[in-house]
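Colleague: Below you'll find the structure I mean.
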Amino acid sequence: MSATRAISDLDTLSVNTLKMLAVDGVEAAQSGHPGSPMGQADLAYVLWTKFLRHWPADPSWPGRDRFVLSAGHGSMLLYGLLHLTGYDLSLEDLEHFRQWGSKTPGHPEFGHTAGVETTTGPLGQGVGNAIGLALAAKMAAARYDTAAAKLVTGRIFGICSDGDLMEGVASEAASLAGHLGLGNLTLIYDDNHITIEGDTALAFSEDVAARFAAYEWHVQRIDGHDHAAIEAARQAALAETARPSLILARTHIANGAPNAHDTPEAHGAPLGPDEVKATKEAIGWPLTPTFFVPEEARAHWLASAERNRADYEAWQTTFAAWRKANPALASAWDDATLRRMPADLEPRLLASVDGASDATRVLGSKVLQEAAKLVPYLVGGSADLDPSTKTSIKGAGSVEKGAYGGRVFHFGIREHGMGSILNGLTLDGRFIPMGSTFLIFSDYMRPPMRLAALMKQQAIYVFTHDSIFLGEDGPTHQPIEQLWSLRLVPNLEVWRPADGPETAIAWAAALRRTDGPTALALSRQKLPLIPRPKGVDAAAIARGGYVVEHAAGHVVTLLATGSEVGLALESSKRLAASGRPARVISMPCVERFLAQDAAWRDSVLAPGAPVVTLEAGVTAAWGAVTDGRRALHVGIDHYGASAPAAELAKHFGFTPESVVERVTAWLGGNG
């Protein structure tokens, strides 16, 4: 067949173009998932050509609709859509699918490819992100829309798979979305009955429609290859403004492939040259060239994007008039979208805890209240733990169904869903979101935290009850490995402050950091105020590690974090009395400290000097900080126990007497 075409129906031609770009991309890479894009092509075609408001020349247009491909393994579907509708993604980019340096990685990556709204791939996360985006849009509309100007009218659309809806995170997030009545959200469930192992009936027999109806979603069932049914369902979903919508679309994986149709093999492997040939012949497609885009199909796809020009230009006109009529709102919009911070952020936050001595969770609450005054777009809540984590913004109002102007979330006991929703909130671009739970439960939300770090998104996690010293709840609730396991996540900063000033600077660092997430690990128990005869050196604290006590002729350095800084200072007094002067270092943020230049690091950790690290957690990774120096690591490489904090300190060697005894024996003789 020549490269003209012998297909009479423009819809079919356009859908087949999208399908075959995916098939050719996976075949060229000899890696990927062709079946999902082929099965989802009809769904995506109707959405993108008839409903989605977007503008390829301005991918970040604030008035746009958002499209989330939660089933990120089908990334060639999204890349084909972006290419065909005129985004900065060339045919050559598609030809280099999954190759080094390409704009078309194996799973969509936010910030890497124009038009990709979020990084997806770990199943279920995109569902949570879409819900976070929908929540953010509702909240932004409550803040910025006026009677004369509706700026935030963007809707959230997503395609999810069987795997997405099997993962628990999707259930957590969907439950909250229904509770909050997010009627600006429509998810299309690609119900193709196939997973990698075979038919979904192997492990999945629930009634998904009934589940989502119980979540208070608007639910429809359709044939996912019937364009009229797809369009009618989308219209009905858009008309339903009080509930989020789920469209269960019965589809067929590898739709159009004569032998791969409805097979698990089509899920995660190329079709192979014989099946590619058979598929092209079956639909009347040229065997060569590969990555063929008929001119009529290209024109049609581009025209589908061009239909949004009037909406785009009208929005810009409305936005300009709104800015002129509402200077205060416009300033607030700019502050939020540009992540502006007051110049006096640090001194204001420090003043909120001036001279106070308490648990860092309590001090953190004081800092949070001041931060909320200074940063109106800071929003957040907890996983049903505010009475313990102290993270409610006082007087700010709750975010509730039909009332989205508040700043306080009630995530319920849903840490995993909370993490994925936070990612959607920060991806919206108009909020800095915060979520809180106990440090031990950070394990429940590790996947979205990792994705926030990968996407360089400014989410803030407030983790309290940061060590065995939470006491009587025992080893099930006492974090041992969590601090270092979080520190090992690239681009996640973990702050464990020792007192009020360190807590204030930790919060300031989190608020100023726009290229990644921050975790604050705060204590349940009261901590002493670190003595600072020369006053608080905010710049030194912000470097992540600094000297809090100098000792002339010191023979050892005591390096501690959080609650153990006070222990280090007490131990230093006793060591000095025995003729072994010690330098004491506080290291509230290991990542910040290691990112400093060698001169600063050496000024804090003198080269060659023996170092003792003190932290109530696992010790194995401290060698990365002590960096070849002779070192003793005092920590806990086993689980805790149920007992009062003082008893635990005594039994596990976290008293000044125990520390001095260990350090003295380790130094030997007179040091």
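The values are calculated or read from the model by the stated rules, or taken from the named source; none is laboratory data. As the structure is a prediction and not an experimental result, all values here were calculated from the model. Note that each Cβ is placed from the backbone with ideal geometry, even for glycine, and that neighbours are counted across all protein chains shown. Surface areas here come from the heavy atoms of the whole protein model, side chains and all, with no ligands, DNA or RNA. Shrake-Rupley method; radii C 1.70, N 1.55, O 1.52, S 1.80 Å.
Colleague: Identify, from the list Leu176, Leu165, Leu187, Leu182, the residue that is in a helix (DSSP H, G or I) and touching a residue at least 60 places away in the same chain (Cβ under 8 Å). If you could, list the steps in order and put the result at the bottom.
Modeller: Working: Leu165 fails: touching a residue at least 60 places away in the same chain (Cβ under 8 Å); Leu187 fails: in a helix (DSSP H, G or I); Leu182 fails: in a helix (DSSP H, G or I).
The unique qualifying residue is Leu176.
Colleague: Regarding Arg53, is this residue farther than 21 Å from Ala266 by Cβ, open to solvent by 20 Å² or more (accessible area, probe 1.4 Å), modelled with pLDDT of 95 or more and touching a His at 6+ places or on another chain (Cβ under 9 Å)? If you could, list the steps in order and put the result at the bottom.
Modeller: Details: farther than 21 Å from Ala266 by Cβ: yes; open to solvent by 20 Å² or more (accessible area, probe 1.4 Å): yes; modelled with pLDDT of 95 or more: yes; touching a His at 6+ places or on another chain (Cβ under 9 Å): no.
Here the answer is no, as Arg53 does not meet what is asked.
Colleague: Same structure again: Can you name the number of the only condition in (1) small (Gly, Ala, Ser); (2) over 24 Å from Ala539 (Cα atoms); (3) open to solvent by less than 60 Å² (accessible area, probe 1.4 Å); (4) at pLDDT below 95 that Ala606 fails?
Modeller: Every listed condition holds for Ala606 apart from (2).
Colleague: Which pairs have Cβ atoms under 9 Å, sit 6 or more apart or on different chains, and link a residue in the stretch 376-400 that is over 17 Å from Trp507 (Cβ atoms) and touching a residue at least 24 places away in the same chain (Cβ under 8 Å) to one that is open to solvent by less than 30 Å² (accessible area, probe 1.4 Å) and acidic (Asp, Glu)?
Modeller: Close Cβ pairs (under 9 Å, with a partner that is open to solvent by less than 30 Å² (accessible area, probe 1.4 Å) and acidic (Asp, Glu)) amount to Ala383/Glu415.
Colleague: If you don't mind, another one. Among the residues of the stretch 37-48, are any within 17 Å of Ile159 (Cβ to Cβ) and hydroxyl-bearing (Ser, Thr, Tyr)? Walk me through it before giving the result.
Modeller: Taking the stretch 37-48 first, the residues within 17 Å of Ile159 (Cβ to Cβ) are 37-48.
Filter once more, keeping what is hydroxyl-bearing (Ser, Thr, Tyr): 45.
Yes: one or more hits.
Colleague: Take the stretch 311-327 and flag every residue that is open to solvent by 70 Å² or more (accessible area, probe 1.4 Å), out of contact with any Gly (no Cβ under 8 Å at 6 or more places or on another chain) and within 21 Å of Arg53 (Cα to Cα). Reasoning before the result, please.
Modeller: Within the stretch 311-327, the first condition is being open to solvent by 70 Å² or more (accessible area, probe 1.4 Å), and the residues that meet it are 311, 313, 317, 323-325, 327.
With out of contact with any Gly (no Cβ under 8 Å at 6 or more places or on another chain) added as a condition, the list becomes 313, 317, 323-325, 327.
Selection gives Glu313, Thr317.
Colleague: Could you say which residue among Ala233, Ala237, Ala209 is surrounded by 15 or more Cβ atoms within 10 Å (Cβ to Cβ), over 18 Å from Leu52 (Cα atoms) and touching a residue at least 12 places away in the same chain (Cβ under 8 Å)? Show your work before the answer.
Modeller: Numbers: Ala233 fails: over 18 Å from Leu52 (Cα atoms); Ala237 fails: over 18 Å from Leu52 (Cα atoms).
None of the other options fit; the residue is Ala209.
Colleague: Can you tell me how many residues in the stretch 244-299 are in contact with an Asp or Glu (Cβ under 8 Å, 6 or more places away or on another chain), open to solvent by 40 Å² or more (accessible area, probe 1.4 Å) and polar (S, T, N, Q)?
Modeller: Residues that pass the stated criteria total 2.
Colleague: Could you list all residues from the stretch 543-562 that are open to solvent by 10 Å² or more (accessible area, probe 1.4 Å) and touching a Lys or Arg at 6+ places or on another chain (Cβ under 8 Å)?
Modeller: Pass one, the stretch 543-562, residues open to solvent by 10 Å² or more (accessible area, probe 1.4 Å): 543, 546-555.
Passing the criteria: Arg543, Val547, Val548, Glu549, His550, Ala551, His554, Val555.
Colleague: If you don't mind, there's one more thing I want to ask. Taking the stated definitions as given, is Pro108 part of a loop (DSSP other than H, G, I, E, B), at negative phi and crowded, with 24+ Cβ neighbours inside 10 Å?
Modeller: Answer is yes for this residue.
Colleague: For the list (1) touching a residue at least 40 places away in the same chain (Cβ under 8 Å); (2) over 21 Å from Leu21 (Cβ atoms), I need the number of the one condition that Gly268 fails.
Modeller: (2)
Colleague: Name the helices (runs of 4 or more DSSP H) wholly within the stretch 250-343 that hold at least 3 residues that are under 30 Å from Asp515 (Cβ atoms) and of a type outside the set (S, T, N, Q)?
Modeller: So the answer is 309-325, 327-337.
Colleague: Separate question: Taking the residues in the stretch 19-56 that are in a loop (DSSP other than H, G, I, E, B) and among the polar types (S, T, N, Q) as candidates, determine which candidate is nearest to Gly74 (Cα to Cα).
Modeller: Initial filter on the stretch 19-56 (in a loop (DSSP other than H, G, I, E, B)): 30-34, 51-56.
Then keep just the ones that are among the polar types (S, T, N, Q); that gives 30-31.
Working: Gln30: 14, Ser31: 12 Å.
Here the answer is Ser31.
Colleague: Specify which of the listed residues (Ala641, Ala649, Ala645) is of a type outside the set (Val, Ile, Thr), open to solvent by less than 20 Å² (accessible area, probe 1.4 Å) and closer than 23 Å to Thr360 by Cα. Give the derivation first.
Modeller: Numbers: Ala641 fails: open to solvent by less than 20 Å² (accessible area, probe 1.4 Å); Ala645 fails: open to solvent by less than 20 Å² (accessible area, probe 1.4 Å).
Of the residues listed, the single one that is of a type outside the set (Val, Ile, Thr), open to solvent by less than 20 Å² (accessible area, probe 1.4 Å) and closer than 23 Å to Thr360 by Cα is Ala649.
Colleague: Which residue, of Leu378, Leu425, is under 27 Å from Leu329 (Cβ atoms) and either over 17 Å from the mean Cα position of the chain (by Cα) or surrounded by fewer than 24 Cβ atoms within 10 Å (Cβ to Cβ) (or both)?
Modeller: On the way: Leu425 fails: either over 17 Å from the mean Cα position of the chain (by Cα) or surrounded by fewer than 24 Cβ atoms within 10 Å (Cβ to Cβ) (or both).
Answer to the check: Leu378.
Colleague: Among the listed residues Glu481, Glu502, identify the single one that is of a type outside the set (A, V, I, L, M, F, W, C), in contact (Cβ under 8 Å) with a residue 24 or more places away in the chain and buried (at least 24 other Cβ atoms within 10 Å of the Cβ). Even if it seems obvious, please write down each step before you answer.
Modeller: Working: Glu481 fails: buried (at least 24 other Cβ atoms within 10 Å of the Cβ).
After applying the criteria, what remains is Glu502.
Colleague: Looking at the stretch 528-542, can you tell me whether even one residue there is open to solvent by less than 20 Å² (accessible area, probe 1.4 Å) and touching a residue at least 60 places away in the same chain (Cβ under 8 Å)? Talk me through it step by step, then tell me what you get.
Modeller: Let us first name the residues in the stretch 528-542 that are open to solvent by less than 20 Å² (accessible area, probe 1.4 Å), namely 530, 540-541.
Subset that is touching a residue at least 60 places away in the same chain (Cβ under 8 Å): none.
So far as the stretch 528-542 goes, no, none of its residues is open to solvent by less than 20 Å² (accessible area, probe 1.4 Å) and touching a residue at least 60 places away in the same chain (Cβ under 8 Å).
Colleague: Just checking, does the stretch 68-83 include any residue being assigned to a loop (DSSP other than H, G, I, E, B) and either among the aliphatic types (A, V, I, L, M) or without any contact (Cβ under 8 Å) to a residue 60 or more places away in the chain (or both)?
Modeller: Quick first cut of the stretch 68-83, residues assigned to a loop (DSSP other than H, G, I, E, B) only: 70-71.
Filter once more, so that each one left must be either among the aliphatic types (A, V, I, L, M) or without any contact (Cβ under 8 Å) to a residue 60 or more places away in the chain (or both): 71.
Checking the stretch 68-83: at least one residue is assigned to a loop (DSSP other than H, G, I, E, B) and either among the aliphatic types (A, V, I, L, M) or without any contact (Cβ under 8 Å) to a residue 60 or more places away in the chain (or both).
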